[in-house]
Amino acid sequence: MEVAAFERQLDVLADHDVVSLDTALDRLDAGDARPSVVLTFDDGFADVYANAWPLLRERQLPFTIYLATAYLGQTMRWEGATAKGTPGRGLSWDQVRRMQDSRLLTLGNHTHHHIRPEHLTEAELDACSDAIFARCGVRPEHFTYPWGIPVPGMEGALRARFRSASTGELGRNLPGVDLARLYRVPVRRTDPDAFFAAKLTGRLGPETAYASLVDATKWALRPVRQVQAALRRRAGATSA
């Protein structure tokens with residue numbers, strides 16, 4: 001996302017109650033349904049420090065970063081990654097600690113290797129938490145699923161380790177929500193300002209329609225991809 005676009009979104013947030021993740025959960029636990037906004041970033045890309053952090057610090061806005069700790073200071077490329085172009089770099093631990101010192105940052109667990117859902121294990125959870133504790137002196141109390149896909153078989157392990165776990169499922173979090181299956185609302189660099197403002201007030205109809213369109217497009221393209229894969233396999237067999 002361009003810095004100017006992010007700055008415009010932060011300007012819109014000036015009219016909203018931006019709180020830390022723990023404050024939001026405290027409100028939910030107390031049955032407090034007042035509208036709140038929690039800012040979260042996944043993975044731990046270095047551009048959060050370069051581009052987002054100066055603006056967040058200037059406005060004193062709390063935020064959470066869910067770290068995939070194996071890639072800090074490294075190239076952010078993992079199994080199944082779909083991003084095009086040159087992979088970004090991960091934050092350095094020094095950058096993480098500088099943001100942590102501000103008391104604006106909450107650190108979260110995103111597994112050690114940004115593991116695929118079918119490979120999620122307790123060892124991956126613990127490796128991430130141990131790395132954060134060793135480098136930053138805190139053990140994360142919050143988790144978000146890589147790829148946003150919940151793994152029901154891991155919910156017991158998550159509840160034992162974390163106060164909250166969030167998914168990629170779209171929705172608002174109201175009192176009574178399962179803290180091990182929190183909803184999230186994605187923000188994209190292509191969001192028009194009015195679209196972004198609508199998300200902040202819980203008007204998720206346009207986002208739901210967009211997500212449905214993306215899903216439909218993926219299904220429509222699936223046969224094409226299967227044909228392309230078959231052709232590549234045939235070409236490989238011929239050349240062999």
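The values are calculated or read from the model by the stated rules, or taken from the named source; none is laboratory data. Because the structure is a prediction, the values reported are computed rather than measured. Glycine also receives a Cβ, built like all others from the backbone with ideal geometry; neighbour counts cover every protein chain displayed.
Rundown of residues vs (1) among the charged types (D, E, K, R); (2) over 18 Å from HIS114 (Cβ atoms); (3) at pLDDT below 95, yes/no style:
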position	(1), (2), (3)
ARG135	yes, no, no
HIS142	no, no, no
VAL151	no, no, no
ALA157	no, no, no
ALA160	no, yes, no
ALA165	no, no, no
LEU170	no, yes, yes
LEU174	no, yes, no
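Could you check the stretch 123-212 for strands (runs of 3 or more DSSP E) lying wholly inside it with 3 or more residues that are among the polar types (S, T, N, Q), under 16 Å from the mean Cα position of the chain (by Cα) and more than 25 Å from ARG77 (Cα to Cα)? Break it down stepwise before answering.
Values: elements: 142-144, 164-170, 182-184.
Ranges flagged: none.
When the stretch 59-103 is examined, which residues are found to be small (Gly, Ala, Ser) and either closer than 19 Å to TRP147 by Cα or surrounded by 17 or more Cβ atoms within 10 Å (Cβ to Cβ) (or both)?
Of everything in the stretch 59-103, those that are small (Gly, Ala, Ser) and either closer than 19 Å to TRP147 by Cα or surrounded by 17 or more Cβ atoms within 10 Å (Cβ to Cβ) (or both) turn out to be ALA68, ALA70, GLY80, ALA81, ALA83, GLY88, GLY90.
Residues that are at pLDDT 95 or above and in contact with a helix residue (DSSP H, G or I) (Cβ under 8 Å, 6 or more places away or on another chain), at least 1 per element: which helices (runs of 4 or more DSSP H) completely within the stretch 19-111 meet that?
Values: elements: 21-29, 53-59, 93-101.
In the stretch 19-111, 53-59, 93-101 are the helices (runs of 4 or more DSSP H) which contain 1 or more residues that are at pLDDT 95 or above and in contact with a helix residue (DSSP H, G or I) (Cβ under 8 Å, 6 or more places away or on another chain).
What residue, of ARG203, ARG184, ARG161, is over 18 Å from PHE63 (Cβ atoms), among the basic types (Lys, Arg) and surrounded by 17 or more Cβ atoms within 10 Å (Cβ to Cβ)? Steps first, answer last, please.
Numbers: ARG203 fails: surrounded by 17 or more Cβ atoms within 10 Å (Cβ to Cβ); ARG184 fails: over 18 Å from PHE63 (Cβ atoms).
None of the other options fit; the residue is ARG161.
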